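Since the structure comes first, as structure tokens, the remarks are kept for the end.
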Amino acid sequence: MRTLLSPSLSPSTSPSLSPSTSLSPSLSPPPSAPSPFPGISVLAPGEIHVWSVPLDQVPPERAEMVLDPGERARAARIRHPRAQWRYRRAHLALRTVLGGYLGVAPGLPRFTRRCPEPEVCGGCGRGRPVLVDGPWPDLGFSLSHSGAAALVGVAGAPGSVGVDVERLRATFDWGRVPAVGTQDRIAGFRTWTAVEAVGKAAGTGLRIPVSVGAPEAGGLRRARRSGDLADWYVHYVDCPDGYVGCVATAMPEAAVSVFSWPSGDLSQNVDGWSRVDIP
């Protein structure tokens, strides 16, 4: 068992988290790299952690202290109350997870977007979100939320990662969606999460079509983007009842570990942190 540490918690009071898959052997952290886990400084190359977060357990009042001005402004522009509820809690969860890995308060990291083809779009400001350079390790990350569930994926550099979670609907005609085709309801949702996750990991979203292969041994699926011969690798992860989710990466032998966040941990992790506004 490993424990997520935050600047406001001591090891004896920090919440415990249980991975659903085995983790890589622990690494000895250098003194200059604060560790979110005992014995680990940063994620090892090829290692991916996925956090399953129940959004109804994220304390909404903490969002005002932690989200940056851009995130708060975007949340305020969301008209649908439930969608705003989901955005604020999911982004608070993302920042809390990243703060643990980076060894800083969750309000400190700044984000930008990295266009995968700047020579084509001229720096359009789109692409996958990345950390702005700072006094912390370079981590890849991804966020997805649907209904009352969120997934946060974190990968050590230079790995890119994309996650997607979808709430299962009672009925859905996947035959109308070319990227999925005629499949039964749950299989269709699984394929769609793979399409979304690959687009997020690549930074191209749904702009470039993605084809997803049949499940291989262990449930792994390979995917390719149109016009690109490189393989992407899709791992399905455990989600709450009524949801399906996965993580995608370009790393062929990624070690994926999945964590569930117990009730109350997010509230404890952001207790005592004041809002930090960074221009």
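The values are calculated or read from the model by the stated rules, or taken from the named source; none is laboratory data. Please read all numbers here as calculations on a predicted model, not as lab measurements. Neighbour counts are summed over all protein chains in view; Cβ atoms, including those assigned to glycine, are modelled from backbone coordinates with ideal geometry. Accessible surface areas use protein heavy atoms only, side chains included; no ligands, DNA or RNA. Shrake-Rupley method; radii C 1.70, N 1.55, O 1.52, S 1.80 Å.
When R207 is tested against (1) more than 16 Å from H49 (Cα to Cα); (2) not in a loop (DSSP other than H, G, I, E, B), only condition (2) is not met. Would you confirm whether any residue within the range 256-275 is more than 19 Å from L94 (Cα to Cα) and at pLDDT below 95? Checked against the condition, which is being more than 19 Å from L94 (Cα to Cα) and at pLDDT below 95, the range 256-275 yields no hits at all.
Condition check ((1) within 21 Å of P135 (Cα to Cα); (2) basic (K, R)) across all residues:
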{"position": "P54", "(1), (2)": "no, no"}
{"position": "P60", "(1), (2)": "no, no"}
{"position": "A76", "(1), (2)": "no, no"}
{"position": "H80", "(1), (2)": "no, no"}
{"position": "R86", "(1), (2)": "no, yes"}
{"position": "A90", "(1), (2)": "no, no"}
{"position": "R95", "(1), (2)": "yes, yes"}
{"position": "Y101", "(1), (2)": "yes, no"}
{"position": "V104", "(1), (2)": "yes, no"}
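In the set L5, L43, L102, only one residue is out of contact with any Leu (no Cβ under 6 Å at 6 or more places or on another chain), aliphatic (A, V, I, L, M) and modelled with pLDDT of 85 or more; that residue is L102. For the range 166-204, the tally of residues that are open to solvent by 30 Å² or more (accessible area, probe 1.4 Å), free of Cβ contacts under 8 Å to residues at least 40 places away in the same chain, over 23 Å from A90 (Cβ atoms) and in a helix (DSSP H, G or I) stands at 4.
Conditions (1) surrounded by 16 or more Cβ atoms within 10 Å (Cβ to Cβ); (2) in contact with a helix residue (DSSP H, G or I) (Cβ under 7 Å, 6 or more places away or on another chain); (3) at positive phi, marked per residue:
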{"site": "P54", "(1), (2), (3)": "yes, no, no"}
{"site": "V66", "(1), (2), (3)": "yes, yes, no"}
{"site": "R86", "(1), (2), (3)": "yes, yes, no"}
{"site": "A90", "(1), (2), (3)": "yes, yes, no"}
{"site": "R113", "(1), (2), (3)": "no, no, no"}
